[in-house]
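Report on the following structure.
The values are calculated or read from the model by the stated rules, or taken from the named source; none is laboratory data. Computed from a predicted structure; not experimentally measured. Positions of Cβ are generated from backbone atoms using ideal geometry, with glycine treated the same way; all protein chains shown enter the neighbour counts. When the accessible area is computed, the model is the full protein with side chains, heavy atoms only, and any ligands, DNA or RNA have been set aside. Shrake-Rupley method; radii C 1.70, N 1.55, O 1.52, S 1.80 Å.
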Amino acid sequence: MPERDTARSAATALALDVLVVAVFVVVGRRSHAEGVTLAGWLETAWPFLGGLVLGWVGVVAGLGRAPVTLATGLPVWVATVFGGMALRDMSGQGTALPFVVVATLSLALGLLGWRAAATLLGRRRTAAPAAPAPHRGVVVGEPTPDPLGQRELGEQDITTPGRGVVPPQERARYGRRPGTEAGRPDEDG
């Protein structure tokens, strides 16, 4: 079963790489108002597909596995760009610097982009499930938190539920302090 999964992922990777080159060629031909015929597409695509094959053969021969990860996709990308440009030059097709830059960046986005996305999705799937969020409410019967250390200061009775510490000058507005007589001002204020 693992061999079947490995073969399936290798076939998927190769198909995605060919698709990236195919889309690159179609977009390039359309942006230059060239016809998108099968003959025109093949004329533009074959050098890059040849470079792609060289990259795949190099990785498989050198590492003994298909280039399905981001790290193993780097040599495939380099071979696709440089091999494609070399084959274009040998066949009399253009290799102007702006084209080389656009091809390098576009093929990097495609050939490395899908591998990066697959890596991120794979990590997400294998990540441990998130721990449940801690309960933030007050549980009846348990002491309430004292983030300001008011209990240590002996001021635990001057808080209002859910609002925090009441400043001395505002205490009359919220009622009397427990343990004081009604109408008599606090000792603090």
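Test of understanding: among Val36, Val78, which residue is open to solvent by 50 Å² or more (accessible area, probe 1.4 Å), modelled with pLDDT of 90 or more and of a type outside the set (Gly, Ala, Ser)?
Of the residues listed, the single one that is open to solvent by 50 Å² or more (accessible area, probe 1.4 Å), modelled with pLDDT of 90 or more and of a type outside the set (Gly, Ala, Ser) is Val78.
Would you call Val25 touching a residue at least 60 places away in the same chain (Cβ under 8 Å) and either open to solvent by 50 Å² or more (accessible area, probe 1.4 Å) or not acidic (Asp, Glu) (or both)?
Working: touching a residue at least 60 places away in the same chain (Cβ under 8 Å): no; either open to solvent by 50 Å² or more (accessible area, probe 1.4 Å) or not acidic (Asp, Glu) (or both): yes.
Considered against the rule, which asks whether it is touching a residue at least 60 places away in the same chain (Cβ under 8 Å) and either open to solvent by 50 Å² or more (accessible area, probe 1.4 Å) or not acidic (Asp, Glu) (or both), Val25 comes out as no.
If you go through the stretch 56-75 one residue at a time, how many are part of a loop (DSSP other than H, G, I, E, B) and open to solvent by 30 Å² or more (accessible area, probe 1.4 Å)?
4
Determine, yes or no, whether Gly122 is out of contact with any His (no Cβ under 8 Å at 6 or more places or on another chain) and either closer than 21 Å to Val53 by Cα or surrounded by 14 or more Cβ atoms within 10 Å (Cβ to Cβ) (or both).
no
Would you confirm, using the coordinates I've provided, whether Ala10 is among the hydrophobic types (A, V, I, L, M, F, W, C), farther than 18 Å from Ala108 by Cα and open to solvent by less than 40 Å² (accessible area, probe 1.4 Å)?
So Ala10 fits the description; yes.
Considering every residue within the stretch 29-50, establish whether at least one is free of Cβ contacts under 8 Å to residues at least 24 places away in the same chain, among the aliphatic types (A, V, I, L, M) and in a loop (DSSP other than H, G, I, E, B).
Yes, the conditions are met somewhere in the stretch 29-50.
A quick yes/no check of all residues on (1) out of contact with any strand residue (DSSP E or B) (no Cβ under 8 Å at 6 or more places or on another chain); (2) among the basic types (Lys, Arg); (3) more than 24 Å from Leu120 (Cα to Cα); (4) free of Cβ contacts under 8 Å to residues at least 12 places away in the same chain:
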| site | (1), (2), (3), (4) |
| --- | --- |
| Val53 | yes, no, yes, yes |
| Val60 | yes, no, no, yes |
| Val78 | yes, no, no, no |
| Met85 | yes, no, yes, no |
| Asp89 | yes, no, yes, yes |
| Gln93 | yes, no, yes, no |
| Pro98 | yes, no, yes, yes |
| Val101 | yes, no, yes, yes |
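Can you tell me which condition Arg8 does not meet? The list is (1) charged (D, E, K, R); (2) under 30 Å from the mean Cα position of the chain (by Cα); (3) not in a helix (DSSP H, G or I), and all the others hold.
It fails just one condition, (3).
Please go through (1) in contact with a helix residue (DSSP H, G or I) (Cβ under 6 Å, 6 or more places away or on another chain); (2) surrounded by fewer than 17 Cβ atoms within 10 Å (Cβ to Cβ); (3) not in a loop (DSSP other than H, G, I, E, B) for Thr95 and return the number of the only condition it doesn't satisfy.
Failing condition for Thr95: (3).
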